[in-house]
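The values are calculated or read from the model by the stated rules, or taken from the named source; none is laboratory data. Note that the structure is predicted; figures quoted are calculated from it, not measured. In this analysis, Cβ positions are derived from the backbone assuming ideal geometry, glycine residues included, and neighbour counts consider all displayed protein chains.
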Amino acid sequence: LRLGCELVVVVFIVFQIIVDFRDIRRIGWLKWITIYKAFPAKIVYKVTWAFVLLCVPLRLLCFVHRAFLMLENCIIICAVIMTTVHFLFFCRAVKFVGPFVVMIYTIIARDLSQFIMIYITFLLGFSQSFYIVFFSCEESVDNDEYADKWKNPMQTPHESIFRTFTLVIGDYLSFYRPLATCPKKDIAWLGKFVMLFYKLCGSILLLNLLIAMMRRTYNTIFARTEEYKRQWAKVILMLEMSMKPADRLTYLKQYSVPTGTNKSLRSFTVTKKLDRAKMSEHEKEIRMEKDKEIAEQRQALYKKKKIEMEMKRANGSQGITGKKSARRMSYF
């Protein structure tokens, strides 16, 4: 049963890849990439296709060495986790979930990337400082009995980076206990000062900076009351990309209506009865602006039709006078 399901998954993935290549051939690489940049969940989902196809040769190589089995399991685990992210693509159009999905994308793409760049700078500097402090303490240990009790928590510079990162999580004892038992008291006090300064900069300053950045993103996106509608429109455009132009136009005419006086402009409209007493001031202002814009468009269309009618009448009267003058000339 498992082998049959795996074969079905591989067949469907190959079919999806063929469909994507057909879309790329029709709309072009640049447009295809531009569209998918707005949907990170789709990109992650397509990466899982490569992972699943990569597992096919790894499954065959499992008979060669057991390391290939371990590698296949790791890739499958990553593929399963990344596939679940694809559900966020469909949650974008939901009113109560859509804004939060956009927040997650924005926080990961902008806030976390900026924070990681700043934090890595602090982490590299302080980790090497801690390495020098503990290395100095280790060199000062002369007694073998004392050396068995005191252990250096940072044996290598690479390990010091990871151990310094755990200090932010709350691993204080593994740092403070070796510093408190360090034979050199001046080095011990220096290490405590570096630890305190790192705690102030890394844990308090930088983490609060990250929280402030996330809060700014949250307030910016949450202030958009119609954000889920924008995401709904993006999902529709994304799904329409895989259709032929003729089919796309047919579906467009089914779910959209002309907007304003220009019949070529169409939009997705939800008709519902509005209670102005329950509307907020912002919604009332938007409604008044739309009504004013529609009234101006109708007035401009009325003037245009009026001018066209006057021009037709003028052309008609000129034609009649021309015929009468021609008849008079024929009499003479």
- Subset of the stretch 192-240, residues farther than 26 Å from residue 255 by Cβ and small (Gly, Ala, Ser), comes to 202, 203, 212, 223
- With criteria (1) exposed (fewer than 13 other Cβ atoms within 10 Å of the Cβ); (2) more than 15 Å from the chain's Cα centre (by Cα); (3) within 30 Å of residue 208 (Cα to Cα), residue 115 comes up short on (1)
- Looking at the stretch 36-46, is at least one residue surrounded by fewer than 11 Cβ atoms within 10 Å (Cβ to Cβ) and over 25 Å from residue 101 (Cα atoms)? no
- (1) modelled with pLDDT under 80; (2) under 22 Å from the mean Cα position of the chain (by Cα): which one isn't true of residue 51, the others all being true? (1)
- Which of (1) closer than 30 Å to residue 236 by Cβ; (2) more than 14 Å from the chain's Cα centre (by Cα); (3) in contact (Cβ under 8 Å) with a residue 12 or more places away in the chain does residue 127 not meet, given it meets every other one? (1)
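A quick yes/no check of all residues on (1) assigned by TED's automatic domain parsing to the domain that holds residue 110; (2) assigned to a helix (DSSP H, G or I); (3) more than 26 Å from residue 118 (Cβ to Cβ):
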{"position": "183", "(1), (2), (3)": "yes, no, yes"}
{"position": "206", "(1), (2), (3)": "yes, yes, no"}
{"position": "211", "(1), (2), (3)": "yes, yes, no"}
{"position": "218", "(1), (2), (3)": "yes, yes, no"}
{"position": "229", "(1), (2), (3)": "no, yes, yes"}
{"position": "243", "(1), (2), (3)": "no, no, yes"}
- Out of all the residues in the stretch 270-284, is one or more among the hydrophobic types (A, V, I, L, M, F, W, C) and either at pLDDT 70 or above or within 29 Å of residue 33 (Cα to Cα) (or both)? no
